[in-house]
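A short reminder: the numbers here are calculations on the coordinates, not readings from a lab. Since the structure is predicted, the reported quantities are computational estimates derived from the model, not experimental observations. Note: ideal-geometry Cβ built from the backbone for every residue, glycine included; neighbour counts use all protein chains shown.
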Amino acid sequence: MGSQSVLCPVCQGVVPASGKEAYTALRGRLIVTNGYCAGGCAERAEAAADQVRQEEQAQVVLPLRQEVPVRVAR
């Protein structure tokens, strides 16, 4: 069992095991160092990416305002 198979790819927390036999010394060390994955990471990451995309699309690029020379009559 490699550490990659027990870690959440988004938050790097340890995913819950399917049974008590899966709780090995390696998993225990990872739980102590990384903590547990709270779940829903992929959904939160996708929602954050969607929000960034929407904000980027909402930004309107306005043309630069050009100064027009004004002549003063004397």
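Counting other beta carbons within 10 Å of each Cβ, put LEU26, LEU64, LEU7 in order, fewest first.
Values: LEU26 13, LEU64 6, LEU7 17.
If I rank by nearby Cβ atoms, fewest first, I get LEU64, LEU26, LEU7.
May I ask you to derive the relative contact order of the chain, considering only C-alpha pairs under 8 Å and at least 6 residues apart, and to give it as an integer percent?
Averaging sequence separation for qualifying contacts and normalising by length gives 27 percent for the chain.
Quick check on the range 3-58: take the gyration tensor over C-alpha atoms, sort the square-rooted eigenvalues as a ≥ b ≥ c, and tell me if it's rounded (a/c under 1.5), prolate or oblate.
Working: a/c = 4.42, a/b = 3.23, b/c = 1.37.
Prolate is the answer for the range 3-58, as a/c is 1.5 or above and a/b outweighs b/c.
Quick check: net charge around ALA47, other residues with Cβ under 14 Å of its Cβ, Lys/Arg +1 and Asp/Glu -1?
Numbers: positive: ARG44, ARG53; negative: GLU43, GLU46, ASP50, GLU55.
My count for the surroundings of ALA47 gives -2.
Who wins for biggest fluctuation among GLU21, GLU43, GLU55 in a Gaussian network model of the chain, springs between alpha carbons below 10 Å?
Comparing GLU21, GLU43, GLU55 in the GNM, the peak value goes to GLU21.
Taking the alpha-carbon set of the range 29-74, what are its Rg and Dmax in Å?
Taking only Cα atoms of the range 29-74, I get Rg and Dmax of 25.4, 85 Å.
In what order do CYS41, CYS11 fall by count of nearby beta-carbon atoms within 10 Å, going from fewest to most?
In order of increasing Cβ crowding within 10 Å: CYS41, CYS11.
With +1 on the Cβ of every Lys and Arg and -1 on the Cβ of every Asp and Glu, and nothing else charged, how large is the dipole of the chain about its Cα centre, in debye rounded to the nearest 20?
320
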